[in-house]
1. Please identify the pairs in which a residue from the stretch 40-54 that is assigned to a strand (DSSP E or B) has its Cβ atom under 6 Å from the Cβ atom of a residue that is of a type in the set (Ser, Thr, Tyr) and more than 10 Å from the ligand (Cβ to nearest atom), counting only partners at least 6 apart or on another chain.
2. Going by the conditions given, is Gln68 of a type in the set (S, T, N, Q), more than 20 Å from Phe9 (Cβ to Cβ) and either surrounded by 14 or more Cβ atoms within 10 Å (Cβ to Cβ) or within 16 Å of the ligand (Cβ to nearest atom) (or both)?
3. Of a type in the set (Val, Ile, Thr) and surrounded by fewer than 15 Cβ atoms within 10 Å (Cβ to Cβ) - does that describe any residue in the stretch 9-17?
4. Look at Ser32 and say whether it is more than 16 Å from the ligand (Cβ to nearest atom), closer than 21 Å to Ile129 by Cα and polar (S, T, N, Q).
5. Scan the stretch 155-168 and tell me whether some residue there is assigned to a loop (DSSP other than H, G, I, E, B) and within 16 Å of the ligand (Cβ to nearest atom).
6. Give the residues of the stretch 84-136 that are closer than 18 Å to Leu175 by Cα and more than 16 Å from the ligand (Cβ to nearest atom), sorted by residue number.
7. Out of the stretch 35-57, which residues are within 12 Å of the ligand (Cβ to nearest atom), among the hydrophobic types (A, V, I, L, M, F, W, C) and under 12 Å from the mean Cα position of the chain (by Cα)?
8. Search the stretch 55-94 for residues being β-branched (Val, Ile, Thr) and assigned to a loop (DSSP other than H, G, I, E, B), and hand back the single one that is modelled with the highest pLDDT.
Amino acid sequence: MDEWKGVKFKTVFLKKEVQTDLRIEDLKYWISRFGFYDLCQPFAGRSYGNMSFRLKPGSDEFIITSTQQGFREDITDDKFVKVVECDMENIIVKVEGLELPSSETFAHYVVYKNRPDINAVFHGHCTKIVCSTDIGFCTTEKRQPYGTVELANEVLKVLDKENFIIIKDHGFLALGKDIDDAGKVTLRAYQKCFQ
Ligand SMILES: [Zn+2]
């Protein structure tokens, strides 16, 4: 079982300022929906999930929820962080914001880097979905500790054309062409699993 050790990369703050993108309100809506459907169960004791969206087509910059507090129903704008650069070789993330970005920032980054059709990524934790390996969900092959480059690389291996991916023994990733689409992909998988 993973044990919570905080984020596992070094964060460099390029600017310390609150992000003001209007789409943050749409993420807040889906955060409350995730709470309603119990899709943010604790993992490693202190991690609940995270959500992000790409800032603009052709760019790998994205806004993501901050670590740990990312899924609180009363989340405030200062808990959203802009990721400007991910260096998976040296394990460094460059950001603008006030908080540390989500521990799974690298998993989101590999999606934006390799899937130009995807503009929003939701990551949740739900034991029943993770255990539903027999109903055709795409699943990463090897279990990896949370928040690592290794976990992100496992996602990369199955990323090809899948929009709903189970991270083995951990959680799921829902990918959408926009924020609402990522929500719909999540709910379709939820219904498939709970019907
Ligand atoms: Zn997770």
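The values are calculated or read from the model by the stated rules, or taken from the named source; none is laboratory data. Quantities reported herein were computed from a predicted structural model and do not represent experimental measurements. Glycine also receives a Cβ, built like all others from the backbone with ideal geometry; neighbour counts cover every protein chain displayed.
1. As it stands, the answer is Asn50/Thr65; Met51/Thr65; Arg54/Tyr112, since those pairs meet every condition given.
2. no
3. The answer is yes; a qualifying residue exists.
4. yes
5. yes
6. Correct list: Tyr112, Lys113, Asn114, Arg115, Pro116, Asp117, Ile118, Asn119, Ala120, Gly136.
7. First pass over the stretch 35-57, keeping only residues within 12 Å of the ligand (Cβ to nearest atom): 39-51.
Going one step further and asking which of them are among the hydrophobic types (A, V, I, L, M, F, W, C), we end up with 39-40, 43-44, 51.
Hits for the stretch 35-57 are Cys40, Met51.
8. Ranking the qualifying residues of the stretch 55-94, first place goes to Ile91.
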